[in-house]
Amino acid sequence: MLLTPVLPFPFISVPRNFQNLKSPSFFLIRSSSSPSMDTNPQPKKVAVCGGGVIGVCTAYFLSKNGASVTLIEQSSVACAASGKAGGFLALDWCDGGPVASLARASFNLHRSLAQELNGSESYGYRPLTTLSVSVTESSSSSSLSSSSSSSIRTGPIPSWVDGPAKSPRTIGSTDSTAQVHPEMFTKTLLSKAMEDYGVELVIGKVERVEMAEGKTRGVVLEDGREIGAEAVVLALGPWSKRFSVLGSLFRVYGIKAHSIVLEPKEANKITPHALFLTYYPAQGGKPMDPEVYPRPTGEVYICGMSAQAEVPDDPEQITPVPESINALKRVATTVSSHLVEGEAAVKAEQACILPCSEDDVPIIGEVPGFKGCYVATGHSCWGILNGPATGAAMAELVLDGHASIVDLSRFDPGRFASALKK
């Protein structure tokens, strides 16, 4: 099919004789001038691009509120950061910053979604206590024994943390911190949206957004498939820069974070305590800040070793750096005898790329100059936490023209357009 570009951005184009195209059945464009025989308004057609937590939450709340939603994912649902993140949730850790209202609203939405979807059983939602702990790695190849570490054990350190931990401090209670299994959460939410609210999942790579008469008309996939929509939401994480209209407006870069997932033999001895460590390596140097999250599935998730990285075209091409994985294994061995080799199986060694904006604030709103085209990205390490409120606010913005659950003005992508004019 021939397409004639009408804008200086290759991802947006308008076809010749747009109204007369013999398009496949899934390319559905309604003409606003055509009279309807149905007195009931037709549901608004929305294409959501990106099958991570932000895209899935947006599709869920759009469809729950009456929209006809097609979710488009290049590879598989939750295949990137949304499937490999820690899933830690905090009510007030963003207080005092621009994300405070979004985080609080989303933490509470997580709680209500867990009640609605039986989250404790379906995706491992649970409140938990969160501790800050200092750990110094032993110079020997093995971790300190329980007897040698017991002399420095103070405060609320759980019994399974039997390595050289000290200076414990409670930084989150069961009222203010919680967790989900991010992949299970994302897939459970999508299953609900598909089964109850009619969301359609399409696997394909979005090539561009179609525009006609200044309005969004749908998307075209790399294989030529066309999906009609009155609104398009680009929830593509670090892959947002692939679209030149977004890349020319703002920069989204990637932080590569590593993690391992362990399955201890005595999982019943691991209590629900999230650990934020100040970790001093045996060889000296700058302390690290790994995090340890026991999960109700019996797994223990350990993450850290983050650095800025290039974003590959395919999420499946993201591979961990062996040195970073080995460092996390040393953390596990030092923290607990339950996590040493032989006592815990390694279920996953992985890495993901977190999307970050140039001003460290999420980008949520309508793209300036492109009516009906929206973006939601740049959530950094708080994507799982802020997914529900972002999705709910985006649904309100698309369907009602404004968001009430959260004031989105601070996240408006137009802030970058204003900066470019100065």
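The values are calculated or read from the model by the stated rules, or taken from the named source; none is laboratory data. Note that this is a predicted model, so its numbers are computed, not measured. Quick reminder, even Gly has a Cβ in these numbers, built from the backbone with ideal geometry, and neighbours come from all protein chains shown. Accessible surface areas use protein heavy atoms only, side chains included; no ligands, DNA or RNA. Shrake-Rupley method; radii C 1.70, N 1.55, O 1.52, S 1.80 Å.
See the values below:
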| quantity | calculated |
| --- | --- |
| Solvent-accessible surface ranking, highest first, for L128, L236 at 1.4 angstrom | L236, L128 |
| Charge dipole of the chain about the Cα centre (unit charges at C-beta), most positive-ward option of A327, P287, T377 | T377 |
| Cleavage-rule hits, GluC sites (Glu not before Pro), region 215-275, DSSP coil, Cβ neighbours within 10 Å at most 13 | E222, E266 |
| Over 19 Å between alpha carbons, listed pairs K84/K329; K265/K329; K265/K347; K64/K187; K166/K265 | K166/K265 |
| Accessible area (Å², per residue) of the chain, counting only protein heavy atoms and a probe of 1.4 Å | 43 |
| DSSP H segments from the chain that extend 15 Å or more along their own axis, Cα-based, with Kyte-Doolittle mean of -0.5 or above | 53-64, 100-116, 182-197, 322-335, 383-400 |
| Under 5 Å, built H, 5+ apart or other chain: amide partners of E207 | V220, L221, E222 |
| Formal net charge of residues neighbouring T130 (Cβ-Cβ distance under 12 Å; K, R +1; D, E -1) | -2 |
| Ellipticity estimate at 222 nm from DSSP helix runs (n ≥ 4, -39,500 (n - 2.57)) divided over the chain, nearest 500 | -7000 deg cm²/dmol |
| Most mobile of S132, S159, S122 in a GNM of the chain (Cα contacts under 10 Å) | S159 |
| Whether region 298-393 is rounded, prolate or oblate, judged on the alpha carbon gyration tensor where a/c under 1.5 counts as rounded | prolate |
| Euclidean distance of C-alpha centroids, region 332-410 and region 197-258, integer Å | 17 |
| Derived scalar couplings ³J(HN,Hα) [region 200-216; Karplus, 6.51 cos²θ - 1.76 cosθ + 1.60; whole Hz; x for Gly, Pro] | 9, 9, 10, 9, x, 9, 6, 8, 6, 9, 8, 10, 8, 6, x, 10, 5 |
| Fraction of accessible area attributable to carbon and sulfur, the chain (%, probe 1.4 Å) | 50 |
| Listed residues H181, H402, H258, most fluctuating in the chain (Gaussian network, C-alpha, under 10 Å) | H402 |
